[in-house]
1. Given the conditions (1) under 28 Å from ASP151 (Cα atoms); (2) loosely packed, with under 14 Cβ neighbours inside 10 Å; (3) modelled with pLDDT of 95 or more, report the number of the one that VAL64 does not fulfil.
2. How do the helices (runs of 4 or more DSSP H) wholly within the stretch 246-360 filter down when requiring 1 or more residues that are out of contact with any Cys (no Cβ under 9 Å at 6 or more places or on another chain), modelled with pLDDT under 95 and β-branched (Val, Ile, Thr): which remain?
3. Please determine whether any residue of the stretch 240-257 is among the polar types (S, T, N, Q), surrounded by fewer than 24 Cβ atoms within 10 Å (Cβ to Cβ) and within 30 Å of ASP97 (Cβ to Cβ).
4. Quick one: which of THR164, THR171 is in contact (Cβ under 8 Å) with a residue 12 or more places away in the chain and either over 18 Å from the mean Cα position of the chain (by Cα) or on the phi > 0 side of the Ramachandran plot (or both)?
5. Within the stretch 101-149, which residues are of a type in the set (Val, Ile, Thr), outside the structural domain of PRO58 (by TED's automatic domain parsing) and outside any helix (DSSP H, G or I)?
6. With LYS135, LYS172 as the choices, which residue is at pLDDT 95 or above, under 23 Å from HIS351 (Cβ atoms) and out of contact with any Pro (no Cβ under 9 Å at 6 or more places or on another chain)?
7. Looking at the stretch 106-130, which of its residues are modelled with pLDDT under 95, of a type in the set (Gly, Ala, Ser) and under 13 Å from the mean Cα position of the chain (by Cα)?
8. What is the residue count in the stretch 71-100 for residues that are within 13 Å of SER48 (Cα to Cα) and not in a helix (DSSP H, G or I)?
Amino acid sequence: MKIKFKLIIVLSIIVVLAAALAAGCSQSEAVAEPSPNQDGARVSMDLSLAHFFPATHPAETVLVQEWAALINEVTDGQITITSYPGQTLLAAPEIYDGVQNGIADLGLSCFSYTRGRFPLLEAFELPGIVYNNSKVASKVAWEGIMELDPDEVKDTKLMMVLATGPGDLFTKVPVRTLEDLQGLEIRATGLSAKTLEAMGATPVAMPQSEAYESLSRGVVVGNLSPIEVLQGWRHAEVTEYLTMTPFLYNNLFFVNMNLDVWHEIPVHLQEVMTAATEQFFEEVAIGLWDMQNESALEFAVNQTNQEIINLSEAETMRWMELVQPIQEEYLAEMSALGLDGKATLELVQKHASQYNEIYK
C-alpha cells in the first residue's frame, strides 16, 4: 500500500478514535444510549457487495478486495465488506436495482447492462469520442457525473464510477475494412450494440460473463470490448484477430450503495470512507483497466499469437463517419426526455480533451 494510503489510514483512524472517545465522555453524562447514526457511536456493519466478475479477475482481487480492506482499516474495523463475485448474489443487469431495493448493500456493475435506465450518462459511452486510456475515461466519467448530478443516479449512493477507456474488436475472422464487418455477429452491450449496427455488423447483447462460451460455440464471432478480456476473461483462447478501434467504445462501471445503508453509517465514518475512497479512486481505480489492457495485449500476442490489425487513416475515417449520427441521435433522444444532452455531450468532450493532455 502506498505512503499516501498509509497516511490517510492513520489520519482516519485518529478521527474515528477521537469521535468514539468524545461519544464515550458524553455518554457518562447522559442516561440514554446514543442512536446508531449519532457521531461517535461505534457500529459493526458487514455489507454485502454483488458483482459479476470472476473471483480471479482484478476487479475482484484488486478493486473490490483492496478497497474493502481500506474501508475496514479507516473505519477501525467497524465496516466490513463481503464480496459476492461471479453473479452469485445478483445477475449483472440486476445489480444497480438490486442495491437500490436492498438485495445487496453494495454493487459493482455496468450502466450499459440496463440501457435506457441511465439515459443522460450514455454521453460518456458515445462512439466518436477518443479517450487515450482508462485514466482519462475514468476521470471524465466521475468528475462529469459529479458536476451533472443527474436524477437518474440519486436513488443509490454512488461511491465510485470508473471506466474501461478505449475498447477494440477481437474476432475469429480478420476485420480490416468495413466490408469485412458486414453481417458479423458481434457480442455487444449498450451503445456499442448501436455502434456495431451502424457499421453493418449484427450485435448480440449479452454480459461479458457469457461471451467466452458464445465465442467458443460460434454463437458470435467477435466481441467489442476492452483488451483486458483477452486475458481476464480468456477470450484470446477463442479469437484470433484484434482490430484496434479506440474511437468505438468506452464502458462505465459503478460502485453503488443502498441509500438506507449509507444513512445508517455514522457521519464521521461516512467522512473517512469518502476520503479513503477518493484516494483509492485516484491511486488504483482509474488505472485498473490500463494495467489489465497492457498485460492482456502482451498475453494475446506472445501466448496465443493474436494478429493485430491497425486500420489505415482512410479506413478509420470511413468508420468514424458512420458512428457520428449516433451522437446526433443521442441529442434528439435527450431533448425528447427533457434532458440537456447538448450541454452533457459538450461537458464530456471538454473533459476528454483536458484529460487526454494530462494522461497520454
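The values are calculated or read from the model by the stated rules, or taken from the named source; none is laboratory data. None of the values given here were measured: they were computed from a predicted structure. Neighbour counts are summed over all protein chains in view; Cβ atoms, including those assigned to glycine, are modelled from backbone coordinates with ideal geometry.
1. Of the numbered conditions (1) under 28 Å from ASP151 (Cα atoms); (2) loosely packed, with under 14 Cβ neighbours inside 10 Å; (3) modelled with pLDDT of 95 or more, the odd one out for VAL64 is (2).
2. Values: elements: 259-264, 267-283, 288-302, 313-336, 341-358.
In the stretch 246-360, 288-302, 313-336 are the helices (runs of 4 or more DSSP H) which contain 1 or more residues that are out of contact with any Cys (no Cβ under 9 Å at 6 or more places or on another chain), modelled with pLDDT under 95 and β-branched (Val, Ile, Thr).
3. No; the residues of the stretch 240-257 include none that is among the polar types (S, T, N, Q), surrounded by fewer than 24 Cβ atoms within 10 Å (Cβ to Cβ) and within 30 Å of ASP97 (Cβ to Cβ).
4. Only one candidate passes the filter, namely THR171.
5. Listed by number, the residues that qualify are ILE129, VAL130.
6. On the way: LYS172 fails: under 23 Å from HIS351 (Cβ atoms).
Going through LYS135, LYS172 in turn, the sole match is LYS135.
7. Across the stretch 106-130, the qualifying residue is only SER112.
8. Selection size over the stretch 71-100: 11.
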